[in-house]
1. When a/c reaches 1.5 or more, the comparison of a/b and b/c decides; with that in mind, is region A:28-104 rounded, prolate or oblate per its Cα gyration tensor?
2. Which whole-number percent is the relative contact order of region A:1-89 (Cα, under 8 Å, 6+ apart)?
3. For a test of the definition: using alpha carbon positions, the gyration tensor, and the 1.5 limit on a/c, classify chain B as rounded, prolate or oblate.
4. Using a label position 7 Å from Cα in the Cα→Cβ direction, what is the ascending list of nm distances from residue A:173 to the same site in the other copies?
5. Would you calculate, for chain A, the mean residue ellipticity at 222 nm contributed by helices, counting each DSSP H stretch of 4 or more residues as -39,500 (n - 2.57) and dividing by all residues, to the nearest 500?
6. Are there residues in region A:120-158 whose accessible area shrinks by at least 40 Å² when all protein chains are included rather than the chain by itself, and which are they (probe 1.4 Å, ligands and nucleic acids not counted)?
7. Assign one of three labels to the protein assembly as shown, namely rounded, prolate or oblate, based on the Cα gyration tensor with a ≥ b ≥ c the square roots of its eigenvalues; rounded applies when a/c is under 1.5, prolate when it is not and a/b is larger than b/c, and oblate otherwise.
8. Taking each residue of B:100-111 in turn, how many C-beta atoms of other protein chains fall within 10 Å of its C-beta, and what is the average?
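The values are calculated or read from the model by the stated rules, or taken from the named source; none is laboratory data. Small disclaimer: the values here were computed from a predicted structure and weren't measured. For neighbour counting, all protein chains shown are included, and Cβ atoms are generated from backbone atoms with ideal geometry for every residue, glycine included. Remember, those area values only see protein heavy atoms, side chains included, never the ligands or the DNA or RNA. Shrake-Rupley method; radii C 1.70, N 1.55, O 1.52, S 1.80 Å.
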Number of protein chains: 2
Amino acid sequence: MNEPAPRRGRGRPAVLTRERIVAAAIEILDAEGLDALTMRRLGTRLGVAAMSLYRHLPNRDAVLAAAVDHLFAEAVIDLDAATPWPEALARFADSYRRMLLGHPHAVPLLATHPVDIDLGLELLAGLLDRFEAAGIPRQAALTAIQSVAVYVLGHALAQVGTPPGTRPAAEGDAAAVAFYDQWFEAGLRAMVAGFERELGQGH
Amino acid sequence: MNEPAPRRGRGRPAVLTRERIVAAAIEILDAEGLDALTMRRLGTRLGVAAMSLYRHLPNRDAVLAAAVDHLFAEAVIDLDAATPWPEALARFADSYRRMLLGHPHAVPLLATHPVDIDLGLELLAGLLDRFEAAGIPRQAALTAIQSVAVYVLGHALAQVGTPPGTRPAAEGDAAAVAFYDQWFEAGLRAMVAGFERELGQGH
DNA sequence: CTATTTTGTGTACGACGTAAGCTTACAACG
DNA sequence: CGTTGTAAGCTTACGTCGTACACAAAATAG
């Protein structure tokens, strides 16, 4: 339906692209937050009327979903084929977390709009391979990966959802960041160690 | 500021209460979802004009925050003083998850609006005691508890955020429910086992 | 030049959150 | 009893949102 065949040539030339729209959406998100990401603002930023966006995406929610997919792609890592799965899993967690903290206003979005499932599997293929190489059944591998992913997302939600004025940050940001870093590491270590014990640590 | 002193007697008698409002909000949430929870609808359901609600709560967000606190209180458990902490932790996770799945439309809300911190600590006091009884430092206990809480929330987000038509549910709901149950158990077991190994399982 | 096709625009509608000022229904006091 | 004070609820109104619909503009194909 949308963006069907780019049958080039005919018709008024497009000043808008799905990609340009998504990029602008993420910029607004990062700069001003989710509430500021309105169709009108997005249009203004692209030098276009709000309604023009609807030629490329069916509604606001589709803009958000596209932004989610784009952001998730930022979290991919490439893994040396020699990396054992527990380390690969931890590296994925770090990378995912880094992406989330790099776009704090987008975290509630990622939490609410699950990434497209096929895209997700594609992006995680390299990680899945590390499990397969250790002879771990695909289902068990997916469980471990998803459990970690879910932990990382939940943790990021807690971190960005707590206005930095509140409790645990006695002083400035540095202390709060350290607090969350340590917490993150501890939970991640526990979970990975638990799976390691259950699945055998490879080869 | 709001609901200051219920200096009874004077003035027009109140047909509205904070509690009645919060209860109605949760009913709407459960029945029709977050988007349906508007001030006008909430007013209608209580037989009152939308603006009347503002006598009791400063704005819509306060309604949501109050609903969050109320829901979280549903998840408390009381623990036998003999329960070892790993079991207590797992029971908390189950209880928390049960509450979340009992209010699927509220899950994104819980994800976005962190529960009031003092209320949270109060509700978790019993659980914290189980760690203290095993001689585990408070900070380590909090890390473990919060890690589990964050995992549970993330998992619930994944479960309720995936429209049941999509991938893993080959048949109906039962299969999907079983899928998520098994995943949940596996991740939880891994994390609790990991903390057990790290903290010692309590003399 | 005309027809066709695609993209962007203008206008309009209904719903939202909520600010401001008004009305209503009580208790207290004379 | 009437008057007054006060808290609760109501009416109206404003600005903003997403988006349906009909139209204008800008290119190519014949």
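1. Numbers: a/c = 4.05, a/b = 2.64, b/c = 1.54.
Here region A:28-104 falls in the prolate category.
2. After rounding, I find 28 percent.
3. Values: a/c = 3.14, a/b = 1.45, b/c = 2.17.
Note, shape of chain B comes out oblate.
4. Here residue A:173 shows inter-copy label distances of 4.5 nm.
5. Numbers: 9 runs with 126 residues, N = 203.
Taken over chain A, the calculation gives -20000 deg cm²/dmol.
6. Residues passing the criterion (a loss of at least 40 Å², heavy atoms only) are A:143, A:146, A:150, A:151, A:157.
7. It comes out oblate by the Cα gyration axes.
8. Per-residue shielding by partner chains comes out at 1.
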